[in-house]
Amino acid sequence: MIISLKPDASDHEKEKLFEQLHLLEHNCFYTGIYGQQSLVLSKSLNADELKAISASPAILKITPVNKEYKLASRTWKDSPTTFSVKGQCIGGKAINIIAGPCSVENESQIFQTAEYLHKLGIKFIRGGAYKPRTSPYSFQGLGKEGLRLIRKAADEFDLRVVTEVIDSSLIDEIYEYADILQVGSRNMQNFFFLKQLGKIDKPILLKRGMASKVEEWLNAAEYILSEGNGKIILCERGIKTFDNSMRNTMDIGAIPLVKHLSHLPVFADPSHGTGRRNMVGPMALAAIAAGADGIMIEIHPNPEKALSDGTQSLYLEQFKDLVEKMDKLAALSGRLTDNQVKIVTTQKTELCVE
């Protein structure tokens, strides 16, 4: 269960409450989610314990949550979580589009991509600087130089940077360049790492583990939430199954399921979800139809020469055609892709409830 404390509770009132909880031998800890202090208890209280605790003047409310993931649950927070990234709403009415190459390869490649995204009205660019690859002999990324290049391109074309952080030792470095820090599939259950990301104030895009159940995915988000960072984007990116006809099996059903279970925004990555260029478009559209709040897609000026994931990267013109289809599908569901938001914001329509 979750105990929410009154904003004006005195230190004395809080100390008395902590003494009571200590006597009950229930593990609890502070977290600063949603603008108020809260205590998360690992076990439910019985009727007598609950009656005794409820009398504390420090308590605003007590919320029973019968799931392991508590802060990520709709039982705790029923309204969708939204937040802004440099003026762009995540989790609101707009469907966000993130696009770019798997890896930042050189200045020409990333600037050409950024300019193209800007012309289409796309607001987010992706690109890896540090790449966790299956083989140690594959291209591992440009490192800090890649971060510098993608940041430079983003600043010139008014884009927001999404890039992967693969290790705790790189958090500070990537924090300096990124607007959204991505956690890849391999790190979804690196719990110490997730707790470190919970201590920063920038959004985290948390990809589902390649063999993870939905509940395990939500528990991974809980590690970040429990440390105070409520700006989390969940990203479905396909899971490994018995079927090897595609790189992964894109779990479209997980999108509405997670939106039912959790208040956190849910994105989809059909590039990694399928590993096949000709499947990216259909799965992107399917994800929007299923209620995804955003789509992440790999594109490249010349996929045949890409140093990583070329077979799943769209040509720039292919991406343009897909954006037009996503625009139309979003409109049918009463939403917009964020490259259309400028039309609505000029009409002073509120898209993001902070």
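Condition first: aliphatic (A, V, I, L, M) and in a loop (DSSP other than H, G, I, E, B). Now tell me which residues in segment 153-170 satisfy that. Let's see the steps before the verdict.
Within segment 153-170, the first condition is being aliphatic (A, V, I, L, M), and the residues that meet it are 153-154, 159, 161-162, 165-166, 170.
Passing the criteria: Leu159, Val165, Ile166.
Of these, Ser79, Ser108, which one is among the hydroxyl-bearing types (Ser, Thr, Tyr), within 20 Å of the chain's Cα centre (by Cα) and surrounded by fewer than 17 Cβ atoms within 10 Å (Cβ to Cβ)? If you could, list the steps in order and put the result at the bottom.
Values: Ser108 fails: within 20 Å of the chain's Cα centre (by Cα).
Sole residue among the options that is among the hydroxyl-bearing types (Ser, Thr, Tyr), within 20 Å of the chain's Cα centre (by Cα) and surrounded by fewer than 17 Cβ atoms within 10 Å (Cβ to Cβ): Ser79.
Within the group Gly209, Gly141, which residue is at positive phi and part of a loop (DSSP other than H, G, I, E, B)?
Working: Gly209 fails: at positive phi.
The match here is Gly141.
With the requirement that a residue be in a helix (DSSP H, G or I) and buried (at least 19 other Cβ atoms within 10 Å of the Cβ), what does segment 177-192 give you?
In the first step, residues of segment 177-192 are kept if they are in a helix (DSSP H, G or I); the result is 177, 185-187, 191-192.
Result: Tyr177, Ser185, Asn187.
Against the condition out of contact with any helix residue (DSSP H, G or I) (no Cβ under 7 Å at 6 or more places or on another chain), more than 22 Å from Ile288 (Cβ to Cβ) and without any contact (Cβ under 8 Å) to a residue 40 or more places away in the chain, how does Lys199 come out, does it pass?
Values: out of contact with any helix residue (DSSP H, G or I) (no Cβ under 7 Å at 6 or more places or on another chain): yes; more than 22 Å from Ile288 (Cβ to Cβ): yes; without any contact (Cβ under 8 Å) to a residue 40 or more places away in the chain: yes.
Against the criterion (out of contact with any helix residue (DSSP H, G or I) (no Cβ under 7 Å at 6 or more places or on another chain), more than 22 Å from Ile288 (Cβ to Cβ) and without any contact (Cβ under 8 Å) to a residue 40 or more places away in the chain), Lys199 qualifies.
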Subset of segment 300-339, residues surrounded by 16 or more Cβ atoms within 10 Å (Cβ to Cβ), of a type in the set (A, V, I, L, M, F, W, C) and out of contact with any Ser or Thr (no Cβ under 6 Å at 6 or more places or on another chain), comes to Leu314, Leu316, Phe319, Leu322, Val323, Leu329, Leu336
Residue list for segment 73-100, filter: touching a Ser or Thr at 6+ places or on another chain (Cβ under 6 Å) and within 23 Å of Glu304 (Cα to Cα) | Gly100
Which pairs have Cβ atoms under 7 Å, sit 6 or more apart or on different chains, and link a residue in segment 120-137 that is assigned by TED's automatic domain parsing to the domain that holds Ile166 to one that is assigned to a strand (DSSP E or B) and charged (D, E, K, R)?
-> Lys123/Arg160; Phe124/Arg160; Gly128/Glu164; Tyr130/Glu164
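Would you mind stating whether Ile150 is in contact with a Phe, Trp or Tyr (Cβ under 9 Å, 6 or more places away or on another chain) and part of a loop (DSSP other than H, G, I, E, B)? So that I can check it myself, show each step before the final result.
On the way: in contact with a Phe, Trp or Tyr (Cβ under 9 Å, 6 or more places away or on another chain): yes; part of a loop (DSSP other than H, G, I, E, B): no.
No; evaluated as a whole, the condition is false for this residue.
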Restricting attention to segment 30-51, report how many residues are surrounded by fewer than 12 Cβ atoms within 10 Å (Cβ to Cβ) and at pLDDT 70 or above.
-> 5
Quick one: how many residues across segment 142-176 are under 22 Å from the mean Cα position of the chain (by Cα), of a type in the set (Gly, Ala, Ser) and crowded, with 20+ Cβ neighbours inside 10 Å?
-> 2
Would it be correct to say that Gln196 is touching a Phe, Trp or Tyr at 6+ places or on another chain (Cβ under 9 Å), of a type in the set (S, T, N, Q) and in the same structural domain as Lys231 (by TED's automatic domain parsing)?
-> no
Would it be correct to say that Gly92 is in a loop (DSSP other than H, G, I, E, B), surrounded by 22 or more Cβ atoms within 10 Å (Cβ to Cβ), modelled with pLDDT under 90 and not basic (Lys, Arg)?
-> no
Log entry, pairs with first residue in segment 245-267 being on the phi < 0 side of the Ramachandran plot and at pLDDT below 95, second being β-branched (Val, Ile, Thr) and in a loop (DSSP other than H, G, I, E, B), beta carbons closer than 6 Å, six or more apart or on different chains, reads Thr249/Thr241
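Name the residues in segment 112-140 that are aromatic (Phe, Trp, Tyr) and under 28 Å from Ala292 (Cα atoms), would you? Spell out how you get there, then give the answer.
Of all residues in segment 112-140, those aromatic (Phe, Trp, Tyr) come to 116, 124, 130, 137, 139.
Hits for segment 112-140 are Tyr116, Phe124, Tyr130.
Suppose we filter segment 246-283 for residues that are part of a strand (DSSP E or B) and not hydrophobic (A, V, I, L, M, F, W, C); how many remain? Steps first, please.
Taking segment 246-283 first, the residues part of a strand (DSSP E or B) are 249, 262, 266-268.
Filter once more, so that each one left must be not hydrophobic (A, V, I, L, M, F, W, C): 249, 262.
Counting residues in segment 246-283 that are part of a strand (DSSP E or B) and not hydrophobic (A, V, I, L, M, F, W, C) gives 2.
The values are calculated or read from the model by the stated rules, or taken from the named source; none is laboratory data. All values reported here derive from a predicted model rather than from experimental measurement. Because the Cβ atoms are built from the backbone with ideal geometry, glycine has one as well, and the counts that use them run over all protein chains shown.
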